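Below is one structure, written out as structure tokens; the observations come after it.
The values are calculated or read from the model by the stated rules, or taken from the named source; none is laboratory data. Everything quoted here is computed from the prediction, not taken from an experiment. A quick note on method: Cβ atoms are made from the backbone with ideal geometry, for glycine too, and the neighbour counts reach across all protein chains shown.
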Amino acid sequence: MARFLAWRLAQFPLILAIIYLITFFFVWVAPGSPFGQGERQLNKDAREALEQKFHARSAAQFLEYYPKEVIFHGDFGPSMQYAEWSVNDILKSALPISVALGLFALTIGTLLGVLIGTLAAVYRGGLFDWTSLSIVLIGISIPSFVTAALLLSIFAGALHWFPIGGWGSIRDMILPGIALSLAPMAYIARLTRVSMIDVISSDFVRTARAKGLSRSIVIWKHCLRNAFLPVLSYLGPAAAGTLTGSFVVEKVFSIPGLGQHFVNSIQNRDRTLILGTVMVYSLFLLTFNLLVDIGYALVDPRVDVTAKG
Amino acid sequence: MLRLLVIPLALLILLAGAMAWSGSAAEKRADFTFVSIRDVYTLDTNQMSYLQDFRLAYCIWEGLYSYDGMTLKPIPGVASSCDVSADKRVFTFHLRPEAVWSNGDPVTAHDFAFAWRRMLESPGEYTYLHYYIKGAEPYLQAYQAYLKDPQHTPKPDFKTVGEQVIDDHTFKVTLSDPVTFFFDLMAFPPFFPLNQKSMEPFAKRDPVTGNVTYDGRFTRPGVVGNGPFIMTKWDFKRRVRLAKSPSYWDRANVKSNSIEMVVVEDPLGQFLRYEAGEVDWLPNVPSDVGPELIAQHREDLRLFGGFGSYFLSCMSQPKLHNGQPNPLADMRVRQALAMGFDREPIVKNVTRMGEKPASTYIPPDIFPGFKVEPGFTFDPVRAKKLLAEAGITGNRLPGVSFLVRSSSPVEANTVQSIVNQWKANLGLDIDIELIESKIARQRLNDKDYEIAIADWIGDYPDPSTFTDKYRSNSVNNDSGWVNQEYDSLLDQAQKEADAQKRYALLEKANRMLDVEVPIIPLYYITNQYLFRDNVRGINLSPRNMTMLKGVWVDHDEKLVSGGNG
């Protein structure tokens with residue numbers, strides 16, 4: 001296990017470096033400039049002064065300065081659009097918010113998703129199965145900007161149960177958390193249902209029941225553990241995606257998380273911030289995929305993580 | 001079973017930790033709160049160009065002059081008085097001794113000289129406004145040349161610039177031409193002072209040239225200002241909080257003890273917060289709810305004319321970017337396009353925020369005494385005749401397409417309506433090219449387009465803030481329109497000290513734009529505010545400029561309409 005971990009961790013820097021370079025390439029060839037705003041054009045002198053200040057005269061100048069800073073100081077440099085803020089400042093203020101909200105959403109999504117999926121599998125073909133399946137289908141199909149706006153208008157705007165967006169307390173978290181959890185919940189419910197149906201009809205379940213174990217013990221202990229594996233592999237990328245924030249949900253609830261920066265930094269051609277957000281996302285994705293592999297081993301002792309392939 | 005519970009349990013523990021890590025204590029509601037549709041880009045007065053940045057700059061700093069909150073006329077700020085020479089070229093400002101920085105330092109002429117010099121050495125978007133000062137532009141160019149090649153280029157002498165510190169409280173400014181609106185400029189953030197001492201920890205000196213640049217972080221809370229407020233909090237993309245400055249010389253007239261700017265980017269969220277009474281002022285009514293509110297005759301919705309217009313920028317150079325001949329270079333074609341569509345249905349059905357159709361570049365009523373004659377209006381018969389005269393026979397203008405920014409659905413619909421009308425009225429088929437806004441901006445800069453929607457909002461109360469854009473050498477002249485007579489009229493106006501004669505010259509220049517239509521006027525911009533009747537001190541001037549110093553909420557006022565705050 002330790003060797004496996006060490007090997008996987010050793011790959012991280014190389015993968016991240018490749019992602020950095022590829023991202024830089026796309027960022028650099030994209031037309032449009034990070035400097036100059038709105039209808040007014042920067043005159044040549046002002047533009048050049050800014051390019052000099054941000055080490056962005058040429059691709060070579062950029063690559064000579066920034067990667068070194070990232071590696072040795074963990075510093076992504078100043079944001080090219082918001083000169084007062086360094087990319088690190090932005091990540092530091094936005095990431096915790098997205099992580100907190102994402103964890104909340106993921107917790108609800110996983111717990112409810114597994115619960116719904118299991119019950120649907122157990123009462124397959126029944127009323128619960130059909131209704132839950134329809135709801136789940138709706139959950140997958142309706143885009144989050146619709147659900148988020150609906151939740152905001154109804155529960156905050158009309159009923160005043162929750163604050164209208166913003167961030168600072170647990171109450172601020174509930175509506176966006178629900179909006180954010182719907183998609184993973186729906187996927188998890190479907191995944192759980194399908195694999196649960198598989199497991200329920202397998203031989204060992206019948207054996208366990210024949211041995212006299214109660215139905216609920218068999219389902220919740222024996223079946224769920226096996227049925228959980230596909231959910232676990234979905235959770236890796238889902239966690240990386242959810243924890244780094246959602247553009248739409250953050251915008252609707254005016255939550256100052258990281259999700260907005262993925263989109264805005266690209267629109268603004270904020271080269272340093274694009275690189276910063278992409279690197280954070282990549283690191284999350286790598287880490288969670290690793291955690292999923294470890295989780296596999298915990299849930300299913302037959303899985304040998306050190307095996308080749 | 002227990003092991004399965006580990007996962008949700010771990011998630012919950014992580015959740016609690018993350019919440020603690022990201023949370024921040026809630027503060028008492030500020031005396032006055034308003035929504036900003038985006039965060040401040042920069043609070044470095046030398047670099048700023050956005051409305052929301054300026055709005056806060058007027059709170060944190062003060063120039064030699066300031067604006068009256070209701071009339072927006074320039075009134076003495078740090079300067080208590082000013083001697084103007086007979087030829088209106090030399091301004092000697094006398095600084096009031098009671099003006100102090102928030103760190104206790106007196107505000108001196110040196111602080112202005114420092115900030116103004118920095119404007120030339122690290123130029124920003126509004127540096128060109130400093131070119132009115134004698135020797136400023138040559139100094140900037142010489143200095144930038146020196147930075148590029150310090151070995152072979154001499155360092156220019158700042159003494160050549162007409163900015164002279166006579167003593168701590170006397171600042172003499174010499175202009176190359178008379179500038180009738182110079183006091184207005186003195187109240188504008190690019191002319192604000194900066195406290196060099198407090199910026200020193202953020203300074204970075206180039207070892208070769210000695211050039212100093214400052215880390216942008218000097219503008220974080222704690223920034224030393226000389227204005228009516230001090231910044232106490234700036235959460236990136238969340239809020240900026242201001243508190244009344246205890247050291248500001250005119251603090252008796254600062255009406256609110258605390259002000260908060262809340263950043264809400266989502267239109268629905270902006271409106272709901274206002275409706276819930278969480279904020280007092282919405283300076284930009286979202287276009288999704290605006291028409292609805294107009295239909296409801298909401299009394300807290302304030303619609304008023306803005307300080308600029310929307311228009312179609314037409315490439316007017318003889319050749320297109322790809323070398324082909326440009327059909328739009330013929331004035332008659334542009335005039336035909338201008339007369340080929342009706343603006344009324346556009347403002348009525350597409351933009352729907354009470355805009356007025358435009359036939360001129362400069363809105364007719366924003367400069368008192370400045371005459372603006374009506375330009376071309378909808379006239380398909382005349383338009384067709386002009387096209388025939390110009391030799392356009394087919395249903396195409398070869399090489400011409402319409403560039404549209406994809407970021408704005410209203411803009412895309414507007415263009416759709418124009419293009420449909422051209423087809424119906426003139427029989428012209430013009431392609432639409434939908435493109436991302438940064439790329440569109442770049443293509444306008446490169447003059448790599450034929451027709452595009454653009455807008456212009458003036459900066460200071462003088463028509464030259466509009467006419468200067470279309471000088472043949474202006475960086476903002478996207479149309480490539482070159483007219484010697486126009487340039488010469490502007491030059492004469494710049495040298496003219498008599499306000500009336502000056503206006504006559506600018507009127508003539510402006511008329512040329514409206515006749516030759518390198519830009520086809522579309523509609524005049526409107527401003528839309530939402531605020532309840534108990535809010536005091538917000539003016540409804542076209543300039544869309546608010547001096548928060550005089551803004552407050554009168555809680556004794558009984559509300560009759562609008563929201564439930």
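Applying the criterion of at least 1 residues that are within 31 Å of the chain's Cα centre (by Cα) and surrounded by 15 or more Cβ atoms within 10 Å (Cβ to Cβ) to the helices (runs of 4 or more DSSP H) found wholly in segment A:1-76 leaves A:2-29, A:59-73. Could you check, for segment B:410-425, whether at least one of its residues is away from chain A (no Cβ under 14 Å), at pLDDT 95 or above and more than 29 Å from B:GLY354 (Cβ to Cβ)? The answer is no, given that none of the residues of segment B:410-425 is away from chain A (no Cβ under 14 Å), at pLDDT 95 or above and more than 29 Å from B:GLY354 (Cβ to Cβ). Within segment B:245-270, the set of residues being more than 7 Å from chain A (Cβ to nearest Cβ), free of Cβ contacts under 8 Å to residues at least 24 places away in the same chain and among the hydrophobic types (A, V, I, L, M, F, W, C) comprises just one member, B:ALA252.
The single condition among (1) at pLDDT 95 or above; (2) not in a helix (DSSP H, G or I) that B:GLY124 does not satisfy is (1).
Does segment B:145-164 contain at least one residue that is more than 23 Å from B:ASP44 (Cα to Cα), of a type in the set (Gly, Ala, Ser) and in contact with a helix residue (DSSP H, G or I) (Cβ under 8 Å, 6 or more places away or on another chain)? Yes, because at least one residue in segment B:145-164 is more than 23 Å from B:ASP44 (Cα to Cα), of a type in the set (Gly, Ala, Ser) and in contact with a helix residue (DSSP H, G or I) (Cβ under 8 Å, 6 or more places away or on another chain). Number of residues in segment B:271-296 that are away from chain A (no Cβ under 11 Å), surrounded by 16 or more Cβ atoms within 10 Å (Cβ to Cβ) and charged (D, E, K, R): the value is 1.
Among the residues of segment A:91-100, is any among the β-branched types (Val, Ile, Thr) and either more than 8 Å from chain B (Cβ to nearest Cβ) or loosely packed, with under 14 Cβ neighbours inside 10 Å (or both)?
Within segment A:91-100, not a single residue is among the β-branched types (Val, Ile, Thr) and either more than 8 Å from chain B (Cβ to nearest Cβ) or loosely packed, with under 14 Cβ neighbours inside 10 Å (or both).
Within segment A:190-218, how many residues turn out to be in contact with a Phe, Trp or Tyr (Cβ under 8 Å, 6 or more places away or on another chain) and at positive phi? The qualifying residues number 0.
Condition test on B:GLN141, is it in a loop (DSSP other than H, G, I, E, B), at pLDDT below 95 and either surrounded by fewer than 20 Cβ atoms within 10 Å (Cβ to Cβ) or away from every other protein chain (no Cβ under 14 Å) (or both)? No, not satisfied.
Only one of the listed residues (A:LEU95, A:LEU119, A:LEU101, A:LEU111) is farther than 29 Å from A:SER169 by Cβ and assigned to a helix (DSSP H, G or I). That residue is A:LEU119. If you go through segment B:205-237 and keep only what is assigned to a strand (DSSP E or B) and of a type in the set (Ser, Thr, Tyr), you end up with B:THR213, B:TYR214, B:THR232.
Looking across segment A:81-90, just one residue is away from every other protein chain (no Cβ under 11 Å) and surrounded by 22 or more Cβ atoms within 10 Å (Cβ to Cβ), and that is A:VAL87. Of the listed requirements (1) over 21 Å from B:PRO521 (Cβ atoms); (2) touching a strand residue (DSSP E or B) at 6+ places or on another chain (Cβ under 9 Å), B:HIS321 misses just one: (2).
So for segment A:239-251 (the condition being without any contact (Cβ under 8 Å) to a residue 60 or more places away in the chain and under 18 Å from B:ALA10 (Cβ atoms)), does at least one residue qualify? Among the residues of segment A:239-251, at least one is without any contact (Cβ under 8 Å) to a residue 60 or more places away in the chain and under 18 Å from B:ALA10 (Cβ atoms), which makes the answer yes.
When A:LEU229 is tested against the conditions (1) buried (at least 19 other Cβ atoms within 10 Å of the Cβ); (2) more than 12 Å from chain B (Cβ to nearest Cβ), the lone failure is (1). Do you know which of the residues in segment B:202-235 that are within 11 Å of chain A (Cβ to nearest Cβ) and crowded, with 20+ Cβ neighbours inside 10 Å is nearest to A:VAL252 (Cα to Cα)? It comes out as B:TRP234. A residue that is modelled with pLDDT of 95 or more, more than 30 Å from B:ILE430 (Cα to Cα), not polar (S, T, N, Q) and not in a loop (DSSP other than H, G, I, E, B) occurs somewhere in segment B:307-327. Residues in segment B:238-269 that are in a helix (DSSP H, G or I) and at pLDDT 95 or above: B:ARG251, B:ALA252, B:ASN253. In segment B:476-515, which residue that is within 14 Å of another protein chain (Cβ to nearest Cβ) and either without any contact (Cβ under 8 Å) to a residue 24 or more places away in the chain or part of a helix (DSSP H, G or I) (or both) is surrounded by the fewest Cβ atoms within 10 Å (Cβ to Cβ)? Filtering segment B:476-515 for residues that are within 14 Å of another protein chain (Cβ to nearest Cβ) and either without any contact (Cβ under 8 Å) to a residue 24 or more places away in the chain or part of a helix (DSSP H, G or I) (or both), the one surrounded by the fewest Cβ atoms within 10 Å (Cβ to Cβ) comes out as B:ASN476. Among the numbered criteria (1) modelled with pLDDT of 90 or more; (2) away from chain B (no Cβ under 14 Å), which single criterion is violated by A:GLY109? Unmet condition: (2).
Check off (1) under 30 Å from A:ASP89 (Cα atoms); (2) at pLDDT 95 or above for B:TYR65 and give me the number that stays unchecked. For B:TYR65, the exception is condition (1). Taken over segment A:60-96, the criterion of being over 21 Å from A:ASN268 (Cβ atoms) and not hydrophobic (A, V, I, L, M, F, W, C) is satisfied by A:GLU64, A:PRO67, A:LYS68, A:HIS73, A:GLY74, A:PRO96.
Do you know which of the residues in segment A:18-29 that are among the aliphatic types (A, V, I, L, M) and touching a helix residue (DSSP H, G or I) at 6+ places or on another chain (Cβ under 8 Å) is nearest to B:SER437 (Cα to Cα)? Talk me through it step by step, then tell me what you get.
Within segment A:18-29, the subset among the aliphatic types (A, V, I, L, M) is A:18-19, A:21-22, A:27, A:29.
Keeping just the survivors that are touching a helix residue (DSSP H, G or I) at 6+ places or on another chain (Cβ under 8 Å) gives A:19, A:27.
Details: A:ILE19: 26, A:VAL27: 16 Å.
Checked segment A:18-29; the qualifying residue nearest to B:SER437 (Cα to Cα) is A:VAL27.
Hey, does segment B:552-560 have a residue that's assigned to a loop (DSSP other than H, G, I, E, B) and modelled with pLDDT of 95 or more? Among the residues of segment B:552-560, not one is assigned to a loop (DSSP other than H, G, I, E, B) and modelled with pLDDT of 95 or more, which makes the answer no. If you go through segment B:151-170 and keep only what is surrounded by 10 or more Cβ atoms within 10 Å (Cβ to Cβ) and polar (S, T, N, Q), you end up with B:THR153, B:THR160, B:GLN164, B:THR170.
Scan A:SER246, A:SER254 and give me the residue that is surrounded by 24 or more Cβ atoms within 10 Å (Cβ to Cβ), within 9 Å of chain B (Cβ to nearest Cβ) and under 28 Å from A:GLY168 (Cβ atoms). Answer to the selection: A:SER254. Of everything in segment B:46-72, what is in a helix (DSSP H, G or I) and farther than 24 Å from B:VAL165 by Cβ? Give them in sequence order. Within segment B:46-72, B:LEU51, B:GLN52, B:ASP53, B:PHE54, B:ARG55, B:LEU56, B:TYR58, B:CYS59 qualify. A single member of A:ILE188, A:ILE178 is modelled with pLDDT of 85 or more and within 14 Å of chain B (Cβ to nearest Cβ), and it is A:ILE188.
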